[in-house]
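Working notes for the structure below.
The values are calculated or read from the model by the stated rules, or taken from the named source; none is laboratory data. Fair warning: this is a prediction, and the values are worked out from it, not measured in the lab. Here Cβ is always computed from backbone atoms with ideal geometry, including for glycine, and neighbour counts include all displayed protein chains.
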Amino acid sequence: MVSARRSFEGTLPIAAMTRLCEELASTDGELRYWLDFGRDSLDTDYVDVRAEVSLSLTCQRTLEPFVLPVAVNTRLGLIRQERDEAGLPPDYEPLLVAEDGRLKPVEMIEDELLLVLPLVPVNPDSELPAQSTGRDGEEDSAAAEGPGNPFAVLRELKK
């Protein structure tokens, strides 16, 4: 693949990636991928992995599902031994190739998607419900303006 500078593109069902599915709220949908094999000017074998997908995750703030658009664009340096990692250019991520030289594209794409998932998924549009915080917005503003606020003195000095 590297010598021939082969390229592949297509779609893949999300449900085909079992490790990724364990992290998702729903396994519906497909991802679009592109794989480009080649060799750079330093004679380093590589594969460019690009993927685009919308993943359904569970928000850890509200426990509601939300959709996170994900885009992967990574260059993987193909190495045969772990010690070869030191010779890779700084913008390459190492990928240890098996003795037979075969790669499993689905696993490679799945690995890259797992790496970009947030450790704690939180929907950026979510807010904590007032009943879970034990107070409402009016109490928050009154507390900020109240005499017990240590910054009230600084606010007066600033005037």
Point to revise | All positions within region 63-87 that are without any contact (Cβ under 8 Å) to a residue 24 or more places away in the chain and under 11 Å from N123 (Cα atoms) | key: L63, V67
**Study point:** Total residues in region 2-37, condition surrounded by 12 or more Cβ atoms within 10 Å (Cβ to Cβ) and at positive phi
**Key:** 1
Study note, to complete from the structure: For region 39-62, pairs from a residue that is in contact (Cβ under 8 Å) with a residue 12 or more places away in the chain and surrounded by fewer than 18 Cβ atoms within 10 Å (Cβ to Cβ) to a residue that is assigned to a strand (DSSP E or B) and hydroxyl-bearing (S, T, Y), with Cβ under 7 Å and 6 or more apart or across chains, are D40/Y46; R50/Y33; S56/S26
Exercise for review: Please specify each residue of region 42-74 satisfying the condition of being modelled with pLDDT under 95 and among the charged types (D, E, K, R).
Suggested key: D43, D45, R61, E64
Check your understanding: Which ones in region 66-89 are of a type in the set (A, V, I, L, M) and either in a strand (DSSP E or B) or over 30 Å from M1 (Cα atoms) (or both)?
Key -> V67, L68, V70, A71, V72, L76, L78, I79
Exercise for review: Would you mind stating whether L68 is on the phi < 0 side of the Ramachandran plot, surrounded by 15 or more Cβ atoms within 10 Å (Cβ to Cβ) and aliphatic (A, V, I, L, M)?
Suggested key: yes
Point to revise | Residues satisfying the stated conditions in region 90-113, i.e. touching a Leu at 6+ places or on another chain (Cβ under 8 Å), free of Cβ contacts under 8 Å to residues at least 24 places away in the same chain and not in a loop (DSSP other than H, G, I, E, B) | key: E93, P94
Practice item. Please note which strands (runs of 3 or more DSSP E) are completely contained in region 1-65 and include at least 1 residues that are of a type in the set (D, E) and touching an Asp or Glu at 6+ places or on another chain (Cβ under 6 Å). Key: 30-39, 45-58
